[in-house]
Amino acid sequence: QVQLVESGGGLVQPGGSLRLSCAASGSIFNFNTMGWYRQAPGKERDVVTTMTSGGSTDYADSVKGRFTIARGNAKNAVYLQMNSLKPEDTAVYYCKMITILGTYWGKGTLVTVSS
């Protein structure tokens with residue numbers, strides 16, 4: 001089984017930046033899709049960005065131009081660079097990996113954007 005652990009969340013002022021990381025462990029050979037999702041207070045979990053194993057990316061309109069997903073140096077690791085953060089970005093951010101064996105989620109990391 002694959003385990004995903006997010007890190008890098010915290011408190012940041014509007015306009016600031018954070019970089020989230022998703023560290024994967026377990027028997028990982030490849031993935032089809034990795035991505036970041038978030039769940040704001042009182043809202044449903046929603047996609048932020050996804051990336052295929054081939055490098056294709058997609059972003060939610062609300063973060064396009066501000067967030068960037070990228071592969072890490074570790075096997076199947078992924079990062080989320082978040083710039084120009086807004087209060088509405090406040091949410092628990094979750095890493096997701098889809099492989100041929102299943103779909104895996106991290107437990108989330110809290111990002112709070114507030115002055």
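The values are calculated or read from the model by the stated rules, or taken from the named source; none is laboratory data. As the structure is a prediction and not an experimental result, all values here were calculated from the model. Because the Cβ atoms are built from the backbone with ideal geometry, glycine has one as well, and the counts that use them run over all protein chains shown. For the accessible areas, the whole protein counts, side chains as well, though only heavy atoms, and no ligand, DNA or RNA atoms are used. Shrake-Rupley method; radii C 1.70, N 1.55, O 1.52, S 1.80 Å.
Measuring nothing but how far apart in sequence close Cα pairs (under 8 Å, 6+ apart) lie, relative to its length, the chain scores a relative contact order of 37 percent. Simple rule: put +1 on each Lys or Arg Cβ and -1 on each Asp or Glu Cβ in the range 47-111, find the dipole, and look at ALA70, ALA60, THR49; the Cα lying farthest toward the positive end is ALA70. In order along the range 14-19, phi translates into HN-Hα couplings of x, x, x, 10, 9, 10 Hz, rounded to whole numbers, per the Karplus curve 6.51 cos²θ - 1.76 cosθ + 1.60 with θ = phi - 60° and x for Gly and Pro. The HN-Hα couplings worked out from phi for the range 30-46 by the Karplus form 6.51 cos²θ - 1.76 cosθ + 1.60 (θ = phi - 60°) are 6, 9, 8, 9, 10, x, 10, 10, 9, 10, 7, x, x, 10, 7, 5, 9 Hz, whole numbers, x standing for Gly and Pro. Using 0.36 nm per residue and subtracting the Cα-Cα separation, the extra length available between ASP61 and TRP105 on full extension is 13.6 nm.
Between SER25 and VAL5, the modelled label-to-label distance comes to 0.5 nm, taking each label 7 Å out from Cα in the direction of the beta carbon. Taking the protein heavy atoms of the chain in the context of the full set of protein chains, the accessible area attributed to carbon and sulfur is 48 percent at 1.4 Å.
Heavy atoms of the protein chains alone define the surface here; on that basis the chain has 55 Å² accessible area per residue at 1.4 Å probe size. Across q = 0.14, 0.24 Å⁻¹, the chain modelled as identical point scatterers on its alpha-carbon atoms has Debye log10 I(q)/I(0) values of -0.51, -1.43, in the order of the q list. In the range 3-42 the Cα-Cα distances spread across 10 Å bins starting at 0 as 19, 46, 26, 9 percent of all pairs. Local charge for PRO41 was computed over the other residues whose Cβ lies under 14 Å away, with Lys and Arg +1 and Asp and Glu -1, and equals -1.
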